[in-house]
Amino acid sequence: MNLAGWAAAAGVAAAAIAGLAGGSCAAILAARVPFRGSASRPESCPHPGHGLRGGDLIPLAGWLRLRDRCPACRAELGAWFPAAELITAGIFVALWLRFGPSPALPAFCYLAVISVALAFIDARYKRLPDALTLPSYPAAVVLLGAGAPFLPGGFRHLAGGLIGMAAALLFFVLQALIYPAAIGWGDVKLSGVLGLYLGWFGAGALLTGLLGGYLLAAAAGIGLLCTRRATRKSMLAFGPFLLVSSLAVIIAGGYRFS
């Protein structure tokens, strides 16, 4: 393997390691944020601060060492902890392979971490907490804005992102007002964040990413109905489909930061 090959392999390995660490953060957020300030208890033991030591928080290795059990109360931690870590690592690697060491890459890695956390929360509890969606607006604007000056046409992309954010919010707010039973306000608040990232790549990416969420949700709903795992009155979390579609468009859509 030549020098370029070793450098490429090192970049992928670094992205995977960073992704595992980011996935550990996503798992912690998914475990704790839904119950922050609530008297109710989660179904499984919160990942941090409950008899866990520093070594127990090492991605994958900590979960294997604990054998999926909290050392304090022996509650089951859940297989979704390592799943969140592995999924986030995969997204980080995909982002690295698609965009390389771009100044805007940290912004999209942030999106990956927050997306995994929100997807797990919405799938399990049918909610998208404001504690994660609302701070993502300034965080994403700052991260994308920090990278914009170092990219060709960066400020044009940033402007497109801001327009996409406004357009997505307007579209989802209208849906929520016209037919509130079909969409929740958590989805409305998430839509602006995704609109910002998709709008960075243009109107085509924005439309494809948002429309893809509806198509994925419709396909999943039909599949559940056909297998009798759901009825017409069943509640289906929409957030994960929006997140998956948006990330798929960003990673596989052939778009570039420049």
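For the reader, a short list of remarks on this structure follows.
- Scattering curve values for region 108-156, log₁₀ I(q)/I(0), Debye with Cα scatterers, q = 0.33 Å⁻¹: -1.18
- Full extension of the chain between ALA146 and ILE163 yields a length gain of 4.3 nm, computed as 0.36 nm times the residue separation minus the alpha carbon distance.
- Using the Cβ of ASP187 as centre and a radius below 14 Å, the other residues enclosed give a net charge of +1, where K and R count +1 and D and E count -1.
- Residue-normalised convex hull volume from the C-alpha trace of region 132-258: 98 Å³ per residue.
- Were the residues from ALA8 through ASP130 laid out at 0.36 nm apart, the gain over their Cα-Cα distance would be 40.1 nm.
- Remark: the LYS233-ALA219 segment gains 3.4 nm on full extension, using 0.36 nm per residue and subtracting the alpha carbon distance.
- For region 108-202, the square roots a ≥ b ≥ c of the C-alpha gyration tensor eigenvalues yield an a/c of 1.5 or more together with a/b not exceeding b/c, which makes the shape oblate.
- Solvent-accessible area, 1.4 Å probe, carbon plus sulfur percent, for region 133-235: 75
- Rounded to the nearest 10 Å², the accessible area of ILE183 at probe 1.4 Å: 10
- Among LEU190, VAL244, ALA123 the positive-end extreme of the charge dipole of region 123-258 (Cβ point charges): ALA123
The values are calculated or read from the model by the stated rules, or taken from the named source; none is laboratory data. Treat the numbers as computed from the prediction; the structure is a model and nothing was measured. Here Cβ is always computed from backbone atoms with ideal geometry, including for glycine, and neighbour counts include all displayed protein chains. Note: areas computed on protein heavy atoms with side chains; ligands, DNA, RNA excluded. Shrake-Rupley method; radii C 1.70, N 1.55, O 1.52, S 1.80 Å.
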